Each structure stands twice: as structure tokens, then as C-alpha cells.
Amino acid sequence: MTATPPTREPLYFDNESHGWTLDQCARGLLWTLWGFVYSPRDFKGSANGHAWIAHHDENNARIAFTSDKGDGHVQLSTHESHWVKIEVFVSGALIFRAWADEPYEEKEFWPDGADGIVPPDGDPPGRISKRGSWLQLRRAAFGLPEAESDFWDIELVD
């Protein structure tokens, strides 16, 4: 599966409000994302488990997790397109890839090759809350198996 970022340029509110370059914004988002689990955290929802930061540097991070759906990791990296690439692996297999930006305080993410355009009356296919306390994605958009809910979601437990 070829990694293909959305067709539009990523949007970052820090670029618009502070004039940061897209590269700086992408690195800032990467750091924000791994920072949500800098201290190990439990999560619940469509999967229940425990996550922690296993590695981070300027342009990459790995979040490890154990869960009732399998153990694995989330690989985060800045991409030359200035999107943040997110790849989720369970038992070594790539489950899905997403591309994140931060047009507002909420983070948005998209599947490979998406147009990156939010419908006027809808939400992006994936979202992470301002403080990282929850994550939600539309199963169909990311090719995840159907379930009782159209969404796959988790929240961090305090």
C-alpha cells in the first residue's frame, strides 16, 4: 500500500495565526500527538488497553500499546508534504494509514489519497480532540471492518 497524502496542502492554525512554516507546524503536531501519551495512559472504547511513548525524535515517534484487540504500535512521522503520517500496526501488520493536520484546535485525519475537504454539513473522517482525550474515525473511510457502530473510537482514561 503506497503512502499517499491528501491532495490538498495541510492546514495548521499556527501557520495562520503565528506565521510558522508548514514544516514547523507538522513537527509541532507530531510532538503534540506523542505528548498525549508521554506519561503512560489507559484507554477504553472500541479497544481497551494501555499506551505509552516508546520513541520520539524531531520528525518521528512511536507509541506502543497493548489492548484487548491486539498489541502493536502507532508510527508517527512528518512527511515531505508537511502532513503528519500516522500508521497503526497490530501484531506487526499495518491496519491503516492516516494523514493528520491541525486546522483548528481539534486535529483532523484522512485516509491515503483523500481530497482532505470537509463536507459543509459534516466532519472529517477522523478527529482527535484538542487535548487528546478522545479519537474517532469513520470505519468505512479507513477500510476497517463493519461493526455495530459506523465509528471506531477510544478515549483516554484519567
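Listed values, structure above:
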{"quantity": "Extreme residue, surrounded by the most Cβ atoms within 10 Å (Cβ to Cβ), among residues of segment 1-13 that are under 21 Å from R131 (Cβ atoms) and at pLDDT 90 or above", "calculated": "P10"}
{"quantity": "Residue among E16, E106 that is on the phi < 0 side of the Ramachandran plot, within 12 Å of the chain's Cα centre (by Cα) and at pLDDT below 95", "calculated": "E106"}
{"quantity": "Residue that is farthest from T32 (Cα to Cα), among those in segment 116-137 that are at pLDDT below 95 and among the charged types (D, E, K, R)", "calculated": "D121"}
{"quantity": "Hey, G72 surrounded by 15 or more Cβ atoms within 10 Å (Cβ to Cβ) and small (G, A, S) or not", "calculated": "yes"}
{"quantity": "Residues located in segment 82-115, provided they are surrounded by fewer than 18 Cβ atoms within 10 Å (Cβ to Cβ), closer than 19 Å to T4 by Cβ and of a type in the set (G, A, S)", "calculated": "G113"}
{"quantity": "Check on K107, within 18 Å of P124 (Cα to Cα), out of contact with any Pro (no Cβ under 6 Å at 6 or more places or on another chain) and of a type in the set (K, R)", "calculated": "yes"}
{"quantity": "Flag if W134 is crowded, with 17+ Cβ neighbours inside 10 Å, touching a residue at least 12 places away in the same chain (Cβ under 8 Å) and aromatic (F, W, Y)", "calculated": "no"}
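Condition check ((1) assigned to a loop (DSSP other than H, G, I, E, B); (2) without any contact (Cβ under 8 Å) to a residue 40 or more places away in the chain; (3) more than 22 Å from S149 (Cα to Cα); (4) out of contact with any Leu (no Cβ under 6 Å at 6 or more places or on another chain)) across all residues:
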site: T7; (1), (2), (3), (4): yes, no, yes, yes
site: D14; (1), (2), (3), (4): no, no, yes, yes
site: I95; (1), (2), (3), (4): no, no, no, yes
site: G116; (1), (2), (3), (4): yes, no, yes, yes
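The values are calculated or read from the model by the stated rules, or taken from the named source; none is laboratory data. Here the structure is a predicted model, which is why all the values come from computation and not from measurement. Cβ atoms come from the backbone with ideal geometry, glycine included; neighbour counts cover every protein chain shown.
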